[in-house]
Each structure stands twice: as C-alpha cells, then as structure tokens.
Amino acid sequence: MENLKVDESARKTVDIGNIVKEKGEVTVPPLGSKPLDKKRDEKPLSENFVDNPDVPPLE
C-alpha cells in the first residue's frame, strides 16, 4: 500500500462559526406547519369541471 504525503504548510482551516455574518429576526416555522398569512388566488374552474360532493375540499 502506498502512503501519500501531505505538505503541512498547505493545510487550511475553515472557521465554520463565522459563516453567517448577521442573524436577522427570521423565525422558521416547525416542519409540517401551515403558513399563516398566505392566501391562494383562486383560479377559474375549467369548462369540464364536475364538483363531486363525496370529495372533501382541499385546505
């Protein structure tokens, strides 16, 4: 087996603690939660749409 030699002066360290320079007041909601203030624009129904009363509406 052949060993590779590494030049010790070529090593670089990365300070991962300073990657994000400023933290804003951003709040991340929990996974699976629904957005609070987002309302969808309703699109017009197609001509072939049939409303089936056995199917509950999406929320």
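The values are calculated or read from the model by the stated rules, or taken from the named source; none is laboratory data. Fair warning: this is a prediction, and the values are worked out from it, not measured in the lab.
Within the stretch 18-35, no residue satisfies the criterion of being modelled with pLDDT of 75 or more and over 14 Å from the mean Cα position of the chain (by Cα).
Looking across the stretch 36-56, the residues that are at pLDDT 80 or above and among the aliphatic types (A, V, I, L, M) come down to L45, V50, V55.
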